[in-house]
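Accompanying notes for the structure given below.
The values are calculated or read from the model by the stated rules, or taken from the named source; none is laboratory data. These numbers were taken from a predicted model, which means no experiment stands behind them. Here the Cβ positions follow ideal geometry from the backbone for every residue, glycine too, while neighbour counts run over all protein chains shown. For accessibility, only protein heavy atoms count, side chains too; no ligands or nucleic acids. Shrake-Rupley method; radii C 1.70, N 1.55, O 1.52, S 1.80 Å.
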Amino acid sequence: MHSTAKGADIVLASPLCGQPPLFLKSALEDFQTELTHRLNQAPVVQHALANTVKQEAVKLEGSDAVFYLCGHAPLWDLTNSEESIKLIKAFTAANKPTGFVCHAQQCDVT
């Protein structure tokens, strides 16, 4: 779990835990922005990404929301994941916020 400067506790999760795979085009210079350069140089962010928990560890109880970030994962990898589908359905049925961002230009991670 990681706490932000604004007091939110965030759990980063991925299907296999550890460093999530990167869509190769995302690493090309044409796809880099000032923000991606900043995040790539942020030790706290890089450590958090390298140490994600297994997605099935995320539970409805004790969580306020679920948020899927980045384009490739929500579009392709996680749409076929039974664990991901179960998580989305549980949060939706409980009327808890469930969000998705695809190919966002900017995201405030503080």
Separation in nanometres of the label points that stand 7 Å from Cα toward Cβ, at A27 and L49
1.1
As a test question: what accessible area, to the nearest 10 Å², does V45 have when a 1.4 Å probe is rolled over all protein chains in place?
40
What is the diffusion coefficient of the range 1-50 in µm²/s, taking the Kirkwood radius over Cα pairs and the Stokes-Einstein relation at 20 °C with a viscosity of 1.002 mPa s?
172
